[in-house]
Every structure is written in C-alpha cells, then in structure tokens.
Amino acid sequence: MRMIPKVLLVLTLLVAGSALAQETFQIAIGVDADSLDPVQGTTTTIDNIVDYMAQTLMGIDEQGALVPLLATEWTTAEDGLSMDLTLREGVVFHDGTPLTADAVVWNFERLLDPEVNVPRRGPYSPIESVEAVDELACPTQPHAAGSLPGGRAHADHGSDHLAHFG
C-alpha cells in the first residue's frame, strides 16, 4: 500500500517535467556565443548551439549515408555535378514564415557571397548556382565536381518555389 503513493508521486513529477520541457529549453555553456549566425560559427560549441536552433537540408547517418531532414528527396545528375532537392512540406520558421525554395536559395547565395564573413565557406565553394523552380524544389550547379552540402534554411523570402542546386 505504501508503494502506490510513491508511484503516483513519481508519475506526477514525470508528467509535470514533460509538460515544462515542451515549453522551455534551457542550456548552460561555459562560453559566450560570438555569433548565432549559422554561417559565421567558428567553434564546435557555437555549432552545437546553432544545431539546437537550425536544421540542415540533409543529415548523415552512422554509416555515412545521406538522410532526409528539411529536404525529403534529392536526385543527383549522372555526371554528379548537379542535384535537385525537394523540400519538406509544412515546415515553418520561428515566426510562422513557411520554408520555401526561395529561402534556401537566399541562404546559399548569402553563404557564397564574398562580402559575408563565412569562416567555413570551403565545403560550399563548388556550388556555382542555386535556383528556385517551384515552392519546394531547388536545383544546384557546382563550379566543378565536388560534394553538395546540406545547407541551413533561412526565412524572410516571399517566393514559393522549388529549388535546384548545382
């Protein structure tokens, strides 16, 4: 009989803790963030913080294979020099703005802009162009053979188009 009140207390605390966790996420770190801009990160600590706030187009699983995140589908041209991405439907930014191919294009253009400080631009340098061809599609065209990365999405862009990377 004494066990029932203890079990009820534990269950109550678990339920209450779960409810609070859904409303607020707090994390303590030992450094001040120099930037929360995903393209300007310079340390692993800041990258880890940004990972809690932003999502990539694709991820890499334990076996090194690409897995869908914000991009649900992709095809790579036979020559390996371009890639078409299809974005996940229904994704919105923190302010409710929908994720569109135009937002992805803007993000890659900013990432590749030499006027923007991007300490880790190297992996993205093979990309020559990105275009929105529909609300959820993006084709890419690289400068030369090379990997096409999973980039970060950014809002504030009004067109509803698919995009192509290459």
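The values are calculated or read from the model by the stated rules, or taken from the named source; none is laboratory data. On a predicted model such as this, the values are computed, not experimentally measured, just so you know. Here Cβ is always computed from backbone atoms with ideal geometry, including for glycine, and neighbour counts include all displayed protein chains. Accessible surface areas use protein heavy atoms only, side chains included; no ligands, DNA or RNA. Shrake-Rupley method; radii C 1.70, N 1.55, O 1.52, S 1.80 Å.
Listed conditions (1) over 16 Å from the mean Cα position of the chain (by Cα); (2) surrounded by 15 or more Cβ atoms within 10 Å (Cβ to Cβ); (3) at pLDDT 90 or above are all met by residue 102, apart from (1). Contact annotation: residue pairs with Cβ atoms under 8 Å, 6 or more positions apart or on different chains, pairing a residue in region 104-117 that is within 12 Å of residue 39 (Cα to Cα) with a partner that is open to solvent by 10 Å² or more (accessible area, probe 1.4 Å) and among the small types (Gly, Ala, Ser), are 107/153; 112/125.
Considering only region 44-56, I want to know if a residue exists there that is part of a strand (DSSP E or B) and touching a residue at least 12 places away in the same chain (Cβ under 8 Å). Checked region 44-56: at least one residue is part of a strand (DSSP E or B) and touching a residue at least 12 places away in the same chain (Cβ under 8 Å).
So, of the residues in region 35-73 that are more than 11 Å from the chain's Cα centre (by Cα), among the aliphatic types (A, V, I, L, M) and modelled with pLDDT of 90 or more, which turns out to be most open to solvent (accessible area, probe 1.4 Å)?
60
Considering region 111-157, and only residues there that are assigned to a strand (DSSP E or B), over 23 Å from residue 95 (Cα atoms) and open to solvent by 30 Å² or more (accessible area, probe 1.4 Å), the residue that is modelled with the lowest pLDDT turns out to be 141. If you check every pair at least six apart or on different chains, which have Cβ atoms under 7 Å apart with a residue in region 77-89 that is more than 17 Å from residue 126 (Cβ to Cβ) first and a residue that is open to solvent by 70 Å² or more (accessible area, probe 1.4 Å) and charged (D, E, K, R) second? Matching pairs, first to second residue: 86/73.
Say whether the condition of being open to solvent by 30 Å² or more (accessible area, probe 1.4 Å), closer than 24 Å to residue 35 by Cα and out of contact with any His (no Cβ under 8 Å at 6 or more places or on another chain) is met by at least one residue in region 76-91. No, region 76-91 contains no residue that is open to solvent by 30 Å² or more (accessible area, probe 1.4 Å), closer than 24 Å to residue 35 by Cα and out of contact with any His (no Cβ under 8 Å at 6 or more places or on another chain).
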